[in-house]
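The values are calculated or read from the model by the stated rules, or taken from the named source; none is laboratory data. It should be emphasised that the depicted structure is a prediction, and the values quoted were computed from it without experimental measurement. Note that each Cβ is placed from the backbone with ideal geometry, even for glycine, and that neighbours are counted across all protein chains shown. Areas reflect the complete protein model, heavy atoms only, side chains present, ligands, DNA and RNA absent. Shrake-Rupley method; radii C 1.70, N 1.55, O 1.52, S 1.80 Å.
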Amino acid sequence: LLSTYIPKLRDNGVATIVSASPLSMGLLSQNKPPEWHPAKKELREAVALCVEVVEQSGCATGLAEMAEHFAFSCTDADVHLVGAKTEDEVGRALVAYEQAQQLQLANGGKYPDPVTHAVYEKIQSILKPFGSYTWPSPPADA
């Protein structure tokens, strides 16, 4: 999604493009998103299905890692911004960033392991209907 807007942003003088929240404020993690999360029920259900797909596959790469690999491989962004609660989370994000530079999923790259790549493609197909989905930030009722 971001890659479709970057040329328009650059053409209109935006000098620095920030790609933020690759886990969509915790939505794309193995845990349930926080109660306050503004995503609609349909998206929450789709993400829960993605978590189930990963768990049932036995894939070593989790949903959060796959989301980071995709987001961090958007090479047209100038900065990738993540939120982390702990030093360990920062370390995991840095590892995911380095892996993403090799994988280049946002640019047509593939996971070298066929099982992992099949899981990734299944997740993409589940989430495709939500590709341009957004929510108010901050939420309208805040």
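I'd like to check one number: the per residue accessible area of region 3-65, probe 1.4 Å, reported in Å² as a whole number.
In whole numbers, region 3-65 has 62 Å² accessible per residue.
Ignoring ligands, DNA and RNA, please state the percent of accessible area on region 1-78 from carbon and sulfur, probe 1.4 Å.
Values: 2420 of 4470 Å².
Taking all protein chains in place, region 1-78 shows 54 percent carbon and sulfur surface.
May I ask which of LYS40/LYS128; LYS85/LYS128; LYS8/LYS41; LYS32/LYS128 have a Cα-Cα span longer than 22 Å here?
From LYS40/LYS128; LYS85/LYS128; LYS8/LYS41; LYS32/LYS128, over 22 Å: LYS85/LYS128; LYS8/LYS41.
Count neighbours as other Cβ atoms within 10 Å of each site's Cβ, and list the trypsin sites (Lys or Arg not before Pro) in region 14-56 that are DSSP loop with at most 15 such neighbours.
In loop regions of region 14-56 (DSSP not H, G, I, E or B), the sparsely surrounded trypsin sites (Lys or Arg not before Pro) are LYS40.
Sort TRP36, TRP135 by heavy-atom solvent-accessible area, probe 1.4 angstrom, most to least.
Ranking TRP36, TRP135 by accessible area, largest first, yields TRP36, TRP135.
For the chain, state what percent of all Cα-Cα pairs lands in each successive 5 Å bin, counting from 0 Å until the bin that includes the largest distance.
Spelled out per bin, shortest first, that is 2, 9, 18, 22, 22, 17, 8, 3, 1, 0.
Nothing charged except the Cβ atoms of Lys and Arg (+1) and of Asp and Glu (-1): what's the magnitude of the dipole of the chain about its Cα centre? Round to the nearest 20 debye.
Charge dipole, the chain, about its Cα centre: 360 debye, nearest 20.
Counting only C-alpha contacts under 8 Å and six or more residues apart, can you give the relative contact order of region 13-142 as a whole percent?
Reported as a whole number, the value is 32 percent.
Set Lys and Arg Cβ to +1 and Asp and Glu Cβ to -1, take the dipole of the chain about its Cα centre, and tell me which of ALA39, LEU28, LEU81 lies farthest positive.
Among ALA39, LEU28, LEU81, the one farthest towards the positive end of the dipole of the chain is ALA39.
What are the ³J(HN,Hα) couplings of region 9-14, residue after residue, when phi is run through the Karplus curve with 6.51, -1.76, 1.60 and θ = phi - 60°? Round to Hz, x for glycine and proline.
Each residue's phi maps through the Karplus curve to give 5, 4, 4, 9, x, 6 Hz.
Kindly give the semi-axes, whole Å and largest first, of the ellipsoid equivalent to region 1-58, taking each as the square root of 5 times a Cα gyration tensor eigenvalue.
30, 14, 10
Mind grabbing the accessible area of THR75 for me, 1.4 Å probe, Å², rounded to tens?
Result for THR75: roughly 80 Å² accessible.
Are there any GluC sites (Glu not before Pro) in region 1-57 that are in a DSSP loop and have at most 16 other Cβ atoms within 10 Å? List them by number.
Loop-located and lightly packed - GLU35.
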